[in-house]
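Read the structure below first, then the notes.
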Amino acid sequence: MSVEAIAVKMGRLQLANPAVLASGVHGSSLSKVLDAIRFGAGGAVTKSIGPRPREGNREPTLVEVDSGMVNAAGLPNPGAERFAEELRAVRGKRLPILVSIFGADEEEFQGVARALDDNDFIAFELNLSCPHVAGVGTEIGHDPELVGKVVKSVKRATGKPVFAKLSPNTERLVEVARAAVDAGADGLTAVNTIRAFPIDVETGRQALSNGFGGLSGGAIRPVALRCVYELREEFEVPIMGCGGVSSWEHAIQFFLAGADAVQIGTATITKFAMFNELNLGIISYLERKGIPRLDELVGAAHRSGAPGDGVGEAG
C-alpha cells in the first residue's frame, strides 16, 4: 500500500498524511514546526499567536502527572507583527503550516489574522479554548454567540481555511461547534486541554505558578474521543482529533470516532520523531483490514460492522 492511501483531504485543506503536530508544545518559534514536517508530519500547528508580544507565566509552568502533564505556559508568543516576519522566511516553500491565533474578542482575532494572512501557510486554527489564561480562552470558547462572531471576523480577514479549536470544559460543546460551523468555520479541532489544578505535597501549595493549568496526554484521550464522536454525529465538516495520541492505535481510535486527521502534542516531548512511525502503523492497519484508503475508515464507529468487513465503508 502506498502513502497516497493515507493522504487527507479536508475541504480545501490537503495533507500528505494525517499526523499533525499540535499547537503549544514545540511551536514557540518556527524551528520545531519545520522539524516536525521534516520528521514526517503531514502538517504542523504553530504556537498560538496573539496581537501583542506576551512573556507568559513564570516558572513552574509544567508538571508531570499520572498519564499526562499539566501546563500553564500562559500563551507566550512574539506577537503577530514579529511572527509575520518569521513566516516570511518560509515564503514560497509551500509547507503544510497551520497558524494558531488568539485574542480577547473578535476584533483582536481579526487583527491578528490580517497581520499574518499575507504569508505562505495553509490554514488558521482559532484558539478558542485555552483553559488557564483569563480573557482569551474558555470565556470565549464557552459562549456560542461570541464564537460565531470570532469565526465570522476571521473569515472576513482571510481566504484561507479556518479551523475552530474547541474546549472539552463545557457541556455546550455541540452548541459551540454549531455556532462556529454556521459562521463559516471550515473545520473543527477537538479538543484543547482539560482545566486542572495540581498540588505539590511537599510545599502543600499549588504546583504551578498560575495555579490552574491544562491537562494533556493519555489521561484525556477518552474525553477527546467522546467529543470527536459527538461532533461527528452532528456535523459533516472536517475534524482534527487532539488529545492523548501517542501511537498509531490511538490515531485509529480517533479515525473510527470520526476524525479526519489527528494532532499529536504531549507525546512528542519525549519522542519527537514519531510521525513516520505513526503513519507506518496506520498503513499496516489498513492493509491488514483490507481498507484501501484512510477516508473509508473515518467515522466507522458510527456505522454497523467492523472496520474492513465491507459494511463500514464510507459513502
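The values are calculated or read from the model by the stated rules, or taken from the named source; none is laboratory data. Everything numeric here is computed off the predicted structure, so don't read it as measured data. When we count neighbours, we look across all protein chains shown, and the Cβ atoms used for this are built from the backbone with ideal geometry, even at glycine.
Worth a mention:
- Selection count where residues are acidic (D, E) and touching a residue at least 40 places away in the same chain (Cβ under 8 Å), scope the stretch 1-54: 1
- Complete set of residues in the stretch 1-34 that are in a helix (DSSP H, G or I) and either surrounded by fewer than 16 Cβ atoms within 10 Å (Cβ to Cβ) or at pLDDT 95 or above (or both): V3, E4, A5, I6, S31
- Residues being out of contact with any Gly (no Cβ under 9 Å at 6 or more places or on another chain) and surrounded by fewer than 16 Cβ atoms within 10 Å (Cβ to Cβ) - total across the stretch 76-93: 8
- Filtering the stretch 44-96 to residues that are in a helix (DSSP H, G or I) and aliphatic (A, V, I, L, M) leaves A80, A84, L87, A89, V90.
- Residue within the stretch 119-128 that is under 17 Å from G24 (Cα atoms), of a type in the set (F, W, Y) and in contact with a Gly (Cβ under 8 Å, 6 or more places away or on another chain) present: no
- The set of residues in the stretch 99-146 being charged (D, E, K, R), over 24 Å from G213 (Cα atoms) and touching a residue at least 40 places away in the same chain (Cβ under 8 Å) consists of E106, E107, R114, D117.
- Criterion violated by E64 - all others in (1) in contact (Cβ under 8 Å) with a residue 40 or more places away in the chain; (2) within 20 Å of N192 (Cα to Cα) satisfied: (1)
- Residue match in the stretch 274-289 (condition: among the aromatic types (F, W, Y) and either modelled with pLDDT of 95 or more or touching a Leu at 6+ places or on another chain (Cβ under 7 Å) (or both)): yes
- First in the stretch 157-172 and over 25 Å from K9 (Cα atoms) and without any contact (Cβ under 8 Å) to a residue 40 or more places away in the chain, second anywhere and of a type in the set (A, V, I, L, M, F, W, C) and not in a loop (DSSP other than H, G, I, E, B), Cβ under 7 Å, 6 or more apart: T170/V176
- Verdict on K149 being in contact (Cβ under 8 Å) with a residue 24 or more places away in the chain, of a type in the set (K, R) and buried (at least 20 other Cβ atoms within 10 Å of the Cβ): no
- Identity of the residue in the stretch 89-131, among the β-branched types (V, I, T) and touching a Pro at 6+ places or on another chain (Cβ under 8 Å), that ends up nearest to N17 (Cα to Cα): I122
- Scanning the stretch 94-144 for residues that are surrounded by fewer than 19 Cβ atoms within 10 Å (Cβ to Cβ) and modelled with pLDDT under 95 returns R94, A104, D105, A134, G135, E139, D143.
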